[in-house]
Structure formats: C-alpha cells, structure tokens
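What follows is one structure encoded as structure tokens, with my remarks underneath.
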Amino acid sequence: MSISKAELTSTFEANLGYAQAQDEQDPLKHFRDRFHLPTQSNGEPFLYFCGNSLGLQPKSSRDQIDQELKDWAMLGVEGHLHARNPWLPYHEFLTEHMAAVVGARPNEVVVMNTLTVNLHLMMVSFYRPKGNRTKILIESDAFPSDRYAVSSQLRFHGYDPAEHLLELRPRAGESCLRMEDIEATIRKEGANIALVMLGNTNYYTGQYFDMPAITKLAHEQGCMVGFDCAHGAGNVPLNLHDSGADFAVWCTYKYLNSGPGSMAGCFVHERHASSPDIPRFEGWWGHNKTTRFGMRDDFDPIPTVEAWQLSNPPILSLAAIKASLEIFAEAGMNNLRKKALRLTAYLEYLLQQIPGDKINIITPSNPAERGCQLSIQVRDADKRLFEAVTAAGVIADWREPDVIRVAPVPLYNTYADAYRFTQVLEEQIAKIS
Ligand SMILES: *Cc1c(COP(=O)(O)O)cnc(C)c1O
C-alpha cells in the first residue's frame, strides 16, 4: 500500500474537535469496544499505547477459553476428538486467519511454542555453516533475546560470536539503517554469511525493513534469510510468502492481542517444506497425522511447516489466539494498515507541534518504512519525564537509554487518544523546562 506523506497529512488539525471528528468517521471505530481497556483508580481508562508490548484483551478471549475449560470438564480426554473445537486439530483452526495476517500460504504457517524457541528451531534448520560461510548478520540494536539466540547458536557450532556475529550499525548520528548500507554489507560479506536474521519491524526504532529487497540481495549471495516479525505481525502487511524469506517467527502477545506469554507463530517458505534432507529437531506433532498414533519408530514428516511442531499444544493459549484472529479477520489487515498509516502520521504531526524543538522521533518519517510505533527522544529529559507521563494516566514504555515508545494501535486506539497523549507529554515537558 503506497500512500504519500502529503496525502496523509494535508488536512490534519491539532485540536480535539478534529481528532474526535476523525474517530466519528473511522470505519473501524466499533472495534475499540471489543477490548478491555485498563482503567485508572479514578475509573477513567488509561491512554494505552503499549499494544507493541502487550496487546489488550479482547472481550471474546474469555468465552473462547471458557469453551475449552467446559469441554475439558465435561469430556476429559474425549475432548481431543469430541470437544466443540476438537483439540487434536485445534491449531489448524488458526491457520487460515494467521496466514492472512502475515501474508503467507496456509501450508507455510503454524502456531507453536514461543518466539525464542521457534527462532532456535528455525536456526537448527536454516543456520547451516559450511566452509567460510559461517556468519550470522543481525542489527546492532537487535532485541536482546534474538542476540542471545544467534550468539548461542554460533557457539553451539564452535564459532566465536566476536568474530562470526556481524552487525548492521546505523551511521554515526543516525538511529535507523539505510538500505544502501544493508546492501553494501550483504554484497561485501555475502560469501561469509550463512544467515541474515533481522527484526522486522525493529523493536527499538520502529523501522520496517524492505523484506523482499533484503531477501533478494541475500539469496543472490547464497545466504539464508529469516525475519523476527514480533513487531511486524498484526502491525504491518508482511507478505511473507512473496518476500521469499526462508523463515519467519513472531509472537502473538504484542499486536496480536493473545495474552501474556501466548504461543508464537512460525513461517517456513513452502519451497523447504517437503525437502527430505533438511535438518530439523523433531517431535511427534510433526509426524504424519494419519499414523501419529500408530507409535511408529520412524519419523514421517508432515509436508508443510507443521513438520516443525514438537508437542501437542496448550489449547487454552490457542483459544485466546483464535479469539484474537477472528477479530483480525473481521477487521482485515488492509483496513487496519490504512487506519494505522493515518493514525501514526497524526500522532507524529501532533508531536511536531510541541513547542521548543524538544522532540526527536527516531522512527523513519516515511510511513512505508514504519508500522504503528513511534520512538521518541525528548531533549534534556530523562526517565523522570516518562514516569511523570505515566502518573498522568498514560501507559507507554521506556527503552534504555532514552526512548519512549508509543504505538497507537488501529484496533483500539483513537485520534483523540493521540491528541490527549500529546497534551500530557507537552504539559510534563513544560514542567521540567
Ligand atoms: C518481544 C520480542 C521477543 C520476546 O521473545 P519471547 O521468546 O516471546 O519471550 C524476542 N524478540 C523480539 C524481536 C521481540 O520483539
């Protein structure tokens, strides 16, 4: 979806009446009421901008989880086959909607395990160092868990991360990576890189990388390519299949609103799914469904991403994901993206009106290179400003050393939220100036 900045912003006005009028006209406005909004002690809802960290609870989550608790109570083990939503194939009920959210084919997507676990499982299959091709390329500001995962994989194969972990670093004085620098590194180091593994969207800056372009460059050099889409899934249109990436992983508790520690998603491009010689850690849930309970000695992999499943999954977590994905299916990723582009541009516009040239937004200003999130630095301020903003009724988050991350989420945030947040921030900045 390409839309120019000018088109998005030309009619913006910095006042509450305008913001409320935008909310009135918003075709997705009724979705806010499908979620529980955390409330302050005075009974007012918080201004919630943390959907990038823990998405809000859909009111339907409880019903979906209750259904499984009831069936477990009534049926015991028989629920595997006779629950209203039988547990044996339960994960399959999520596939179609999840595939739509991440732009994949249904045979390329499965919900299993948690994010960092899936990242390791994917590296078992797709980090296969050989000869001089040993290195892993990540972002210098990669999420810590991703860094620990890739470093430990390097050490597991006998390589010192100090030498074999390559980092893409923004230029001095810049926060985001430039595509031309990513390209130069991949071209220069390509023959030594076994795996390119980037966070997409980047959790710190909110930068959304051009996956097809990066994948093409890396594949030309013979590297495997994987993306951690923890901050992308449910936020930006990922088009994973068309990106050509070899694998992707993501969690479901951020933009996908499926509850703290909920299970994660995994994508393996279909070109790999039935490859007979791909190394993989295996378990019985990856085995051919028709003979799984024959307890055979040989592993007969399902010829899709489902071959990577290890265990029978926790149904209560899947139930919450099912509730959330049904909301995404109803709203539609394209509609959500359309609103998100405009809502985030509106928040950016409002922040830029704060007097005194105090605000520096490190997230790319080009809407095509970001999702919902804006990462804000405030000149001459420290964590106390964030604490004051929190005390004034805002839930956002702080990332060391100096960034406030705010994500207006199109399913439940409003233009009025963006306006009120900016007011709070401006008031608190005025107090410390
Ligand atoms: C949120 C996040 C994680 C968290 O990992 P878990 O295994 O779900 O605890 C890892 N990587 C990135 C990029 C994230 O944004």
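The values are calculated or read from the model by the stated rules, or taken from the named source; none is laboratory data. Treat the numbers as computed from the prediction; the structure is a model and nothing was measured. Cβ sites come from the backbone with ideal geometry, for glycine too, and all protein chains shown count toward neighbours. Quick note on the areas: whole protein, heavy atoms, side chains included, nothing else; ligands and nucleic acids left out. Shrake-Rupley method; radii C 1.70, N 1.55, O 1.52, S 1.80 Å.
Mind checking whether some residue in region 208-231 is in a loop (DSSP other than H, G, I, E, B), touching an Asp or Glu at 6+ places or on another chain (Cβ under 6 Å), within 16 Å of the ligand (Cβ to nearest atom) and open to solvent by 10 Å² or more (accessible area, probe 1.4 Å)?
yes
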> residue 152 is checked against (1) of a type in the set (S, T, N, Q); (2) under 25 Å from residue 375 (Cβ atoms); (3) within 15 Å of the ligand (Cβ to nearest atom) and fails just one. What number does that condition carry?
Replying inline: (2)
> Only one of (1) surrounded by fewer than 16 Cβ atoms within 10 Å (Cβ to Cβ); (2) polar (S, T, N, Q); (3) within 16 Å of the ligand (Cβ to nearest atom) fails for residue 132. Which number is that?
Replying inline: (3)
> Which numbered condition trips up residue 82, out of (1) in contact with a Cys (Cβ under 6 Å, 6 or more places away or on another chain); (2) outside the structural domain of residue 313 (by TED's automatic domain parsing)?
Replying inline: (1)
> So which residues in region 114-129 are within 8 Å of the ligand (Cβ to nearest atom) and outside any helix (DSSP H, G or I)?
Replying inline: 114
>> I'd like to check something: does region 42-55 contain any residue that is part of a helix (DSSP H, G or I) and free of Cβ contacts under 8 Å to residues at least 12 places away in the same chain?
In response: no
> Going by the structure shown, is residue 139 crowded, with 24+ Cβ neighbours inside 10 Å, more than 16 Å from the ligand (Cβ to nearest atom) and under 24 Å from residue 253 (Cβ atoms)?
Replying inline: no
